[in-house]
Amino acid sequence: MLKTRLVSLVKDSVKIGSCISRTFLSAEMSQPEPIVIDPSADHKGTLIFLHGLGDTGHGWSDAMYGELSIDTYKYILPTASAIPVTLNMGMKMPAWYDIFTLSEFDREDGPGIKKSVSYIHQLIDTEVSNGTPSESIFVGGFSQGGAIALYAGLTCQKKLGGIIAMSCYLPLRNDFPASCTINKDTPILMCHGSSDPVVQFRFGQMSSILINGFNPTIKFKTYPGLAHGACAEEFRDIKQFLTQNTPK
């Protein structure tokens, strides 16, 4: 069945988190409560990370405790609301927006994308109001979550520390460069497997070229043979990106 096939592809090579003691952050817009992993040392940076289609914030918690763990970092892992997904025959599943096809992205769920982006902007605003400088906040995500992270980071009206986009593309590309005003030189790391069968490599590559036209700090990393998932080298690159761009 398409639902089973798609969700399994989205979760390829992505660890599923176990239940460990966590604190929670209240959320608006009927969103499930995000997982919050507090730093074990003096707080220097915050990563807001968005999961892919059909997953949850729990699905990435192991990576934040393991491969991407930085003791001075706070991790906020929101979960998308369950909505009908056209690609999955209208079945409800956690999704940041509706998806109609994987072959091209000319038909997009603009209202759904904007709603999720607004929610991420709210999470950023809340973190700033709690005392974290916006330049110490990073937004990132995988697949559909990476697409929202890219759009939300580029359109944020606060200067961010960086943007991480894994196995994804830039949605609503015609909104750019006009919609990017504050984060034109914010560091961006895009990561993509060369053998991705879900979000084709060429979509990520084309998005990076488009973004480079108005934000030349973007770096596009290719992982030969990697399908729609994450690998150890990619995690190392992301961790290095975070440490290098965290304000001293």
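Below are the figures for this structure:
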item	result
Qualifying strands (runs of 3 or more DSSP E) (wholly inside region 40-98; at least 1 residues being more than 16 Å from S136 (Cβ to Cβ) and open to solvent by 40 Å² or more (accessible area, probe 1.4 Å))	82-85, 91-94
Count of region 190-209 residues which are open to solvent by 10 Å² or more (accessible area, probe 1.4 Å), touching a helix residue (DSSP H, G or I) at 6+ places or on another chain (Cβ under 6 Å) and outside any loop (DSSP other than H, G, I, E, B)	0
Which listed residue, of Y169, Y223, is open to solvent by less than 60 Å² (accessible area, probe 1.4 Å) and either aliphatic (A, V, I, L, M) or farther than 20 Å from F105 by Cα (or both)	Y223
Condition check for T181: surrounded by fewer than 16 Cβ atoms within 10 Å (Cβ to Cβ), more than 25 Å from K74 (Cα to Cα) and either out of contact with any Gly (no Cβ under 9 Å at 6 or more places or on another chain) or at pLDDT below 95 (or both)	yes
Given (1) part of a helix (DSSP H, G or I); (2) more than 28 Å from K248 (Cα to Cα), index of the condition P177 fails	(1)
Residues being among the aliphatic types (A, V, I, L, M) and either open to solvent by 20 Å² or more (accessible area, probe 1.4 Å) or assigned to a loop (DSSP other than H, G, I, E, B) (or both) - total across region 113-144	1
Any hit, region 100-112, residues being assigned to a helix (DSSP H, G or I) and in contact with a Lys or Arg (Cβ under 7 Å, 6 or more places away or on another chain)	no
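The values are calculated or read from the model by the stated rules, or taken from the named source; none is laboratory data. From a predicted model like this one, the values you see are computed outputs, not experimental measurements. Don't worry about glycine lacking a Cβ; one is built from the backbone with ideal geometry, like all the others, and counts go over all protein chains shown. These accessible areas exclude ligands, DNA and RNA; they are computed on the full protein's heavy atoms, side chains included. Shrake-Rupley method; radii C 1.70, N 1.55, O 1.52, S 1.80 Å.
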